[in-house]
1. If amide H atoms are built 1.01 Å from N in the plane of the peptide, which residues on other chains or at least 5 residues away come under 5 Å of the amide H of residue 103?
2. If I model a spin label as a point 7 Å beyond the Cα along the Cα-Cβ vector, how far apart are those points for residue 78 and residue 389 in nm?
3. According to a simple spin-label model (label point 7 Å from Cα along Cα-to-Cβ), what is the distance in nm between residue 116 and residue 165?
4. Given the Cα-Cα distance of residue 312 and residue 215 and 0.36 nm per residue of separation, how much length would full extension add, in nm?
5. Using R₀ = 51 Å, calculate the FRET efficiency as 1/(1 + (r/R₀)^6) where r is the Cβ-Cβ separation of residue 129 and residue 370; round to 0.05.
6. In this model, which of 98/118; 166/356; 166/232 are farther than 22 Å apart at the alpha-carbon?
7. How big is region 279-357 in terms of Cα radius of gyration and Dmax, in angstroms?
8. Would you tally the net charge around residue 302, using a Cβ to Cβ cut-off of less than 10 Å, leaving residue 302 out, and scoring K and R as +1, D and E as -1?
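No lab work stands behind these numbers, since they all come straight from the coordinates. What you are looking at is a predicted structure, and each value in this text was computed from that prediction instead of being measured. So basically every Cβ, Gly included, is an ideal-geometry build from the backbone, and we count neighbours across all protein chains shown.
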Amino acid sequence: MRLLRSSLLCAASATVAAASAVANVYTYDHDSSSSPHTSSSETIDAETSRLILAQRLGLSQFHSLKTTDDEALRRINDFGGRQRPLFATDKPAVGPSKVMIVIEGVDEPTIPTLANFKSFSISPAPHPSDSYQLWSTFSTESSQLPQTGGPDYGVLRALAPLSEMKSNSLDTYNNRHTLLYVKSAATAAHDDVTEQLQTLGSTIEDLYNVLKESEGSSLSIMFMPSSGKCSKHATNAYGINLSKRAAKIQREQILSEAKPIAAKSSSTVESTSPFLATKVLRGAVPTCFSSKHNCETGTNNCTSHGSCILKFSADVKNSDGVMTKSDCYGCACKADVKKNKEGEKTTRFGGAACNKKDIVTPFWLIGGSSVLLIFIVSWGMGLLYSMGSEELPSVIGAGVSGPKARGA
């Protein structure tokens with residue numbers, strides 16, 4: 001009897017601990033005028049948090065609000081980020097970057113950069129498998145959005161230390177949506193956990209520095225407790241059946257695409273290409289490549305400062321006398337424009353791989369200043385020498401030569 005009572009007590013304690021576990025969500029918006037999070041953050045249920053994250057990613061059209069609770073609406077408006085006006089006519093050529101990161105196995109992060117973020121808690125914390133399913137659903141929905149300017153390579157470079165780990169998953173699209181899922185490090189060795197937490201902190205700091213220079217950008221980071229501390233796996237953990245929803249979206253996507261393979265290649269970026277820019281180029285880089293793939297591989301995707309294009313195509317006669325088509329792919333460099341409080345800062349690149357920064361303006365500024373300084377110094381020294389070589393006036397000369405005459 002006593003053993004049964006102890007078992008029930010342990011089970012009840014485990015249930016209470018699982019129910020008390022919370023997931024912490026941190027949000028950052030470039031255009032937000034609200035203050036960062038304080039020590040007392042709001043506690044929100046899982047269904048409302050799903051609607052908040054969907055709105056922050058621009059995926060509200062895929063999700064419906066089942067309740068008309070004023071408190072839920074207020075929280076969605078407070079944490080949902082800035083949205084484009086409903087009847088806005090100006091459509092930007094390059095859309096804002098929308099980034100979402102789900103990190104498993106971290107209860108309370110101690111990252112100084114998060115002091116600049118707003119935050120709220122999800123209670124009870126859903127099971128990590130449910131959060132991964134939510135992440136996958138958001139990724140599938142992001143693939144259906146229209147293309148606006150290609151992927152954000154600045155974001156991808158910042159995320160490279162985490163996304164290149166085999167256990168983590170990254171999805172990025174040409175509509176500047178980037179979603180990263182970081183697997184739990186609880187089962188790894190202690191040294192690996194410490195190293196991963198350090199990498200996590202530095203990556204979030206680098207990502208924050210990139211996004212604060214990008215107009216309209218938003219970042220959402222969800223820290224999930226380990227599976228032992230979360231509630232049990234549930235079919236409708238976030239208010240909907242995510243498995244059925246993801247399958248339905250994929251079926252609709254296949255039916256709506258006349259050429260699913262071509263459509264997928266145009267909207268989704270290969271997982272290896274975004275991180276080519278993190279590798280070092282060695283030796284001379286050719287100016288012509290036979291294919292676009294060879295160009296991207298040989299130039300590290302133009303070091304993320306341009307894109308590979310078909311420069312020209314010509315008919316060439318081979319050794320057998322047969323005319324064959326020869327293509328020349330090369331890098332078309334693009335200027336990097338960053339907006340800050342003082343205005344816009346434009347940096348231009350050149351070279352076969354767009355890996356050389358244009359320093360014409362600094363060169364002429366430094367060179368011109370150096371030449372002017374040398375001229376002023378030379379002119380001053382010449383003026384001093386010319387003053388010493390001039391003849392003295394006759395009056396002073398007579399006064400100097402007088403004593404010599406009297407002595408004679």
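1. For residue 103, whose amide H was placed from the backbone, the distant partners under 5 Å are 182, 222, 223, 224.
2. The two pseudo-label positions are separated by 8.3 nm.
3. Using points 7 Å along Cα→Cβ, the separation is 2.3 nm.
4. 31.3 nm
5. Using R0 = 51 Å, I get an efficiency of 0.20.
6. 166/356; 166/232
7. 16.2, 63
8. Net local charge, residue 302 excluded: 0.
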